Amino acid sequence: MTMLKPAILKGIKTWIFDLDNTLYPPDAGLYPQLTVRVLSWMRDHLHLSDEQIRALQERYLDQHGATLAGLVREYDVDAADFLDFVHRIDYSGVVPNPALASAIATLSGQRLIHTNGSATHARNVLVRLGVSENLFAGIFDLADAGYVAKPERPAFDALVSRFGLEPSSCCFIEDSLRNLETAHAMGMTTLLVRTVGEAGKPVPPFCDDVTEDLAAWLADASRQQAA
């Protein structure tokens, strides 16, 4: 159940969804596969030791929010080739979620996906979830952001500019605290999505609400919007 006041919910015109570990849970097993393929691509193209590659990836994730965002800054890489290779994974761990599809469909306002991955990856996930891409006004991926990743402010600015958004009327839905902090600083309403195992942990002040069940939260928010 949402803890946001009805007046806030009624003022939301755009719902912005993260993809990985937000629309589907971490136990779907995608992230470990992605990590293996990222390291494999780096090993084949950068010709560094395993230790150097792991250290480089960790630095890129910490400093830039995504490995590719760091690679394009420091190396002459083929970003499209990287994304194509990395996202050749097994999506079978993502299971259909009709409750989520229904809840997203009933929200009042436009819906967007903002991912540090690729639009192709997002579409593969949506197909497995049984959530129609037509429910969203757009998928904004790393390429759309000029290979600047969340949580960096320019990635958010690019999203706002592309769709003509007013941050104060947006709800940003994420599992990453760093990304939520940036969204909140821009004036967006923020929803932290976490696992049941994380329930009870302190919630930072830049998270306006928190849920361990996104479909149920969205359904409740939709009902309050319509009331």
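Identify, from the list Ala99, Ala143, Ala149, Ala105, the residue that is in the same structural domain as Asp175 (by TED's automatic domain parsing) and free of Cβ contacts under 8 Å to residues at least 60 places away in the same chain.
One residue alone meets the criteria, Ala105.
Report whether or not Ile104 is part of a strand (DSSP E or B) and surrounded by 19 or more Cβ atoms within 10 Å (Cβ to Cβ). Show your work before the answer.
On the way: part of a strand (DSSP E or B): no; surrounded by 19 or more Cβ atoms within 10 Å (Cβ to Cβ): yes.
In short, no.
Given the conditions (1) under 15 Å from Ile8 (Cβ atoms); (2) touching a residue at least 24 places away in the same chain (Cβ under 8 Å), report the number of the one that Asp175 does not fulfil.
(1)
The conditions are (1) in contact with a Gly (Cβ under 7 Å, 6 or more places away or on another chain); (2) more than 30 Å from Pro96 (Cβ to Cβ); (3) surrounded by 19 or more Cβ atoms within 10 Å (Cβ to Cβ), and Lys150 fails exactly one of them. Which is it?
Going through (1) in contact with a Gly (Cβ under 7 Å, 6 or more places away or on another chain); (2) more than 30 Å from Pro96 (Cβ to Cβ); (3) surrounded by 19 or more Cβ atoms within 10 Å (Cβ to Cβ) one by one, Lys150 breaks only (2).
Conditions tested, residue by residue: (1) in contact (Cβ under 8 Å) with a residue 40 or more places away in the chain; (2) farther than 27 Å from Thr182 by Cβ; (3) surrounded by fewer than 13 Cβ atoms within 10 Å (Cβ to Cβ).
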| residue | (1), (2), (3) |
| --- | --- |
| Ala7 | no, no, yes |
| Tyr24 | yes, no, no |
| Arg43 | no, yes, no |
| Ala55 | no, no, yes |
| Thr67 | no, no, no |
| Asp76 | no, yes, yes |
| Gly93 | yes, yes, no |
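In the stretch 178-218, which residues are of a type in the set (Asp, Glu) and in contact (Cβ under 8 Å) with a residue 24 or more places away in the chain?
Glu181, Asp208, Asp209
Out of the residues in the stretch 191-227 meeting the condition of being under 19 Å from the mean Cα position of the chain (by Cα) and of a type in the set (Ser, Thr, Tyr), tell me which one is farthest from Ala7 (Cα to Cα).
Only one residue fits best here, namely Thr195.
Report yes if Pro6 is more than 24 Å from Ala79 (Cα to Cα) and modelled with pLDDT under 95, otherwise no.
On the way: more than 24 Å from Ala79 (Cα to Cα): yes; modelled with pLDDT under 95: yes.
Answer is yes for this residue.
From the list Val131, Val148, Val125, pick out the single residue that is at pLDDT 95 or above, assigned to a loop (DSSP other than H, G, I, E, B) and within 20 Å of Asn21 (Cβ to Cβ). Give the derivation first.
Details: Val148 fails: within 20 Å of Asn21 (Cβ to Cβ); Val125 fails: assigned to a loop (DSSP other than H, G, I, E, B).
Within the list Val131, Val148, Val125, the selection yields Val131.
Ala221 fails exactly one of the following numbered conditions: (1) in contact (Cβ under 8 Å) with a residue 12 or more places away in the chain; (2) hydrophobic (A, V, I, L, M, F, W, C); (3) touching a strand residue (DSSP E or B) at 6+ places or on another chain (Cβ under 6 Å). What is the number of that condition?
All conditions are met except number (3).
Take the residues of the stretch 163-190 that are in a strand (DSSP E or B) and farther than 12 Å from Phe17 by Cβ: which is nearest to the chain's Cα centre (by Cα)?
Checked the stretch 163-190; the qualifying residue nearest to the chain's Cα centre (by Cα) is Thr190.
Hey, among Ser222, Ser176, which residue is buried (at least 18 other Cβ atoms within 10 Å of the Cβ), of a type in the set (Ser, Thr, Tyr) and closer than 25 Å to Tyr31 by Cα?
Ser176
Residue check: is Phe136 surrounded by 18 or more Cβ atoms within 10 Å (Cβ to Cβ) and either at positive phi or touching a strand residue (DSSP E or B) at 6+ places or on another chain (Cβ under 6 Å) (or both)?
Yes, satisfied.
Restricted to the stretch 108-122, and to residues that are in a helix (DSSP H, G or I) and touching a residue at least 60 places away in the same chain (Cβ under 8 Å), which residue is nearest to Leu159 (Cα to Cα)?
Out of the qualifying residues, it is Ala122.
Kindly establish whether Leu61 is out of contact with any Lys or Arg (no Cβ under 8 Å at 6 or more places or on another chain) and surrounded by 19 or more Cβ atoms within 10 Å (Cβ to Cβ).
No, not satisfied.
The values are calculated or read from the model by the stated rules, or taken from the named source; none is laboratory data. Remember, predicted model here, so these are calculated numbers, not experimental data. All Cβ positions, even for glycine, are placed from backbone atoms using ideal geometry, and neighbour counts span all protein chains on display.
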